[in-house]
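The values are calculated or read from the model by the stated rules, or taken from the named source; none is laboratory data. Quick caveat, the model's predicted, so the values are computed rather than measured. No Cβ is skipped: glycine too gets one built from the backbone with ideal geometry, and neighbour counts run over all protein chains shown.
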Amino acid sequence: MYCGNALQNCLGTYCSYIVDKGSLIYGIFENNKLLYVLEILDKTIIQISQKRNEAITNQKHLHIIKEWMKQHNLSDNWVV
C-alpha cells in the first residue's frame with residue numbers, strides 16, 4: 001500500500017491480486033525516496049511503476065535497472 005500511495009499509482013489497489021499470483025515487489029529508492037516499484041513473477045519483470053505510472057525517462061536509472069536485471073537473470077515484459 002505504501003508504494004502505491006507514495007507513487008500515486010495503482011499498485012496499492014491490488015495487493016491481494018499480487019499476493020494470490022505470487023509476485024515479488026521491489027522498491028527502488030534514491031536518498032530514501034521511493035522512485036520506482038517493480039513487479040516480478042517467474043523471473044520476469046511484469047511492470048515497473050513510477051509516480052502516476054509515467055514512463056521512465058531517466059537513462060541513468062534505466063541503465064541501472066537493466067544491469068540489475070542481468071545480474072539476477074531476469075527477463076522483461078515491460079515497455080519503456
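So, in segment 35-80, of the ones that are aliphatic (A, V, I, L, M) and closer than 24 Å to Asp20 by Cβ, which residue ends up modelled with the highest pLDDT?
Pass one, segment 35-80, residues aliphatic (A, V, I, L, M): 35, 37-38, 40-41, 45-46, 48, 55-56, 62, 64-65, 69, 74, 79-80.
The next check asks that each one be closer than 24 Å to Asp20 by Cβ; those that pass are 37-38, 40-41, 45-46, 48, 74.
On the way: Val37: 81, Leu38: 83, Ile40: 87, Leu41: 86, Ile45: 87, Ile46: 84, Ile48: 83, Leu74: 90.
If we take residues in segment 35-80 being aliphatic (A, V, I, L, M) and closer than 24 Å to Asp20 by Cβ, then Leu74 is modelled with the highest pLDDT.
State which residue pairs qualify: first residue more than 13 Å from Tyr36 (Cβ to Cβ) and inside segment 47-74, second residue of a type in the set (Lys, Arg) in any location, beta carbons under 6 Å apart, and separation of 6 or more residues or different chains.
Note: pairs meeting the criteria are Leu74/Lys43.
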